[in-house]
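The structure appears below as structure tokens.
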Amino acid sequence: MALKILVIGAGPAGMIAAGNAALCGCDVTIADINKRVGRKLMITGKGRCNITNNCTPQDFIGNVPTNGRFLYSAINSFTPQDTIDFFESHGLNVKTERGSRVFPCSDKAVDVVDTLHNFIKETKCKLINEEITQLIVVDNTVIGVQTLSGRQILADKIIIATGGKSYPLTGSKGQGYKLAEQVGHTIVPVKPSLVSLISANGYCLEMQGLSLKNVSISVIDDNTNKEIFTDFGEMLFTHYGVSGPIILSASSHMRNMDNATYTINIDLKPALSTEQLDKRILRDFDLFKNKDLANSLNKLLPATMIPVIIKLSGIPFDTKCNSITKEQRSRLVSVLKKLPVNVRGFRPIDEAIVTSGGVAVKEINPKTMESKLVGNLYFAGEVIDVDAYTGGFNLQIAYSTGYLAGISASKY
């Protein structure tokens with residue numbers, strides 16, 4: 001007789017878990033509070049969906065700052081290459097872009113969602129629109145669940161794949177944490193990860209909407225004065241501070257925001273050394289020697305950034321280029337190579353791409369994803385206390401843990 005498996009959550013982890021359990025001959029039901037599967041997946045990668053990162057399992061682990069070693073068995077059981085092969089074998093062509101990021105060739109997240117949806121339909125998984133409110137436990141073993149409508153659903157194995165608390169409008173309301181806590185699991189406090197940052201600097205507001213490409217950042221822990229992260233790429237100034245890919249990655253390195261402060265130093269011209277940038281500025285000043293400084297930086301900087309940079313350099317706006325001193329020019333170069341953004345907090349958790357925290361990994365068997373505390377209960381995806389950098393790594397966590405949970409749960 002086929003094992004009955006209930007998967008709670010129809011995101012990427014839940015669908016991969018369900019489909020693979022069904023391929024092993026199990027009778028699988030997926031319960032989700034949304035009528036449409038993969039709601040959060042639809043908005044990832046600005047609607048393009050960064051499916052995975054085309055890297056080795058070893059490189060993958062290096063990109064998971066929170067409990068990366070816990071994922072060793074999972075990532076080796078379902079690698080990034082396995083993910084690529086899965087989608088392509090199910091009719092979705094993919095491409096690898098900068099930073100080994102993998103996207104659908106169509107650049108449409110909906111195609112990724114549809115591929116996963118077709119997978120669970122092909123494997124004859126049943127999908128029900130129910131909110132699970134309680135696990136039913138007998139003799140320290142789960143035997144079913146209770147729904148919000150009062151219905152009881154019995155199952156031999158249960159996989160919790162409900163996601164975290166980010167983007168609650170997509171259904172990620174943290175219900176998986178409540179279910180796990182009900183049966184004795186420790187929940188590591190949840191905080192935003194891969195999230196935009198709030199700055200105390202008013203000039204971020206002055207530059208809101210300005211997107212920068214090909215800049216480098218260095219993140220300094222102000223308490224220790226140590227550099228904790230560097231990156232190169234795109235960022236954005238907003239009314240509250242800063243955002244964009246390299247900022248989101250930087251946020252995952254920032255811990256204990258209540259007790260720590262951080263400074264992000266932006267190198268606006270990373271391709272030029274200090275000496276080369278000084279020579280470049282000298283050439284521009286020679287070209288505009290009779291103009292005011294404020295009217296001479298258009299070749300070097302976006303218009304909205306010019307007043308901010310001049311203000312920070314301390315040079316009067318109406319100073320003629322031919323009268324700027326070497327010391328003033330040195331200050332200007334210094335600001336261009338090290339524009340400081342003082343970080344004072346994260347944006348709200350419901351704006352985060354992923355959440356850090358969740359079910360403690362010490363209470364989950366890393367080789368099976370089964371609970372060490374309660375029999376026949378498994379976990380997959382963001383509900384577990386693991387999170388990674390941007391670049392497709394977090395979705396790969398979902399597939400790998402989902403696959404391992406689904407395969408493990410299908411065994412007697």
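The values are calculated or read from the model by the stated rules, or taken from the named source; none is laboratory data. None of the values given here were measured: they were computed from a predicted structure. A quick note on method: Cβ atoms are made from the backbone with ideal geometry, for glycine too, and the neighbour counts reach across all protein chains shown.
Do any residues in region 286-297 that are among the small types (G, A, S) have Cβ atoms under 7 Å from those of residues that are assigned to a helix (DSSP H, G or I) and at pLDDT 90 or above, where the two are at least six apart or on different chains, and which pairs are they?
A294/I306; A294/I310; S296/D284; S296/F285; S296/C321
Hey, among the residues in region 52-100 that are within 17 Å of S252 (Cβ to Cβ) and free of Cβ contacts under 8 Å to residues at least 12 places away in the same chain, which one's farthest from the chain's Cα centre (by Cα)?
Filtering region 52-100 for residues that are within 17 Å of S252 (Cβ to Cβ) and free of Cβ contacts under 8 Å to residues at least 12 places away in the same chain, the one farthest from the chain's Cα centre (by Cα) comes out as R69.
Do we find that T96 is buried (at least 17 other Cβ atoms within 10 Å of the Cβ), farther than 17 Å from V183 by Cα and not basic (K, R) in this structure?
Numbers: buried (at least 17 other Cβ atoms within 10 Å of the Cβ): no; farther than 17 Å from V183 by Cα: yes; not basic (K, R): yes.
Answer is no for this residue.
Test of understanding: among L336, L301, L312, which residue is without any contact (Cβ under 8 Å) to a residue 60 or more places away in the chain and either touching a Leu at 6+ places or on another chain (Cβ under 8 Å) or not β-branched (V, I, T) (or both)? Steps first, please.
Numbers: L336 fails: without any contact (Cβ under 8 Å) to a residue 60 or more places away in the chain; L312 fails: without any contact (Cβ under 8 Å) to a residue 60 or more places away in the chain.
Result: L301 is the single residue among L336, L301, L312 that is without any contact (Cβ under 8 Å) to a residue 60 or more places away in the chain and either touching a Leu at 6+ places or on another chain (Cβ under 8 Å) or not β-branched (V, I, T) (or both).
Can you tell me which residue among F103, F119 is surrounded by 16 or more Cβ atoms within 10 Å (Cβ to Cβ), under 28 Å from the mean Cα position of the chain (by Cα) and under 25 Å from E234 (Cα atoms)? Full working, then the answer.
Numbers: F119 fails: under 25 Å from E234 (Cα atoms).
Matching residue, one of F103, F119: F103.
Of (1) outside any helix (DSSP H, G or I); (2) under 13 Å from I158 (Cα atoms), Y389 satisfies all except one. Which?
For Y389, the exception is condition (2).
Enumerate the strands (runs of 3 or more DSSP E) found wholly within region 89-135, keeping only those where 3 or more residues are under 26 Å from T56 (Cβ atoms) and modelled with pLDDT of 95 or more.
94-96, 101-104
Which residues, counting only those in region 38-51, are buried (at least 19 other Cβ atoms within 10 Å of the Cβ) and either within 15 Å of the chain's Cα centre (by Cα) or on the phi < 0 side of the Ramachandran plot (or both)?
Within region 38-51, the first condition is being buried (at least 19 other Cβ atoms within 10 Å of the Cβ), and the residues that meet it are 38-41, 44-45, 49-51.
Residues satisfying the conditions are R39, K40, L41, T44, G45, C49, N50, I51.
Would you check which residues across region 202-217 are surrounded by fewer than 13 Cβ atoms within 10 Å (Cβ to Cβ) and in contact with a Gly (Cβ under 8 Å, 6 or more places away or on another chain) and list them?
Selection gives S211, K213, N214.
Run G144 past the list (1) among the small types (G, A, S); (2) more than 24 Å from the chain's Cα centre (by Cα); (3) farther than 30 Å from I33 by Cα and report the number of the one that doesn't hold.
For G144, the exception is condition (3).
Residues in region 1-55 that are among the acidic types (D, E) and closer than 28 Å to S106 by Cβ: how many?
First pass over region 1-55, keeping only residues among the acidic types (D, E): 27, 32.
Going one step further and asking which of them are closer than 28 Å to S106 by Cβ, we end up with 32.
Here the count works out to 1.
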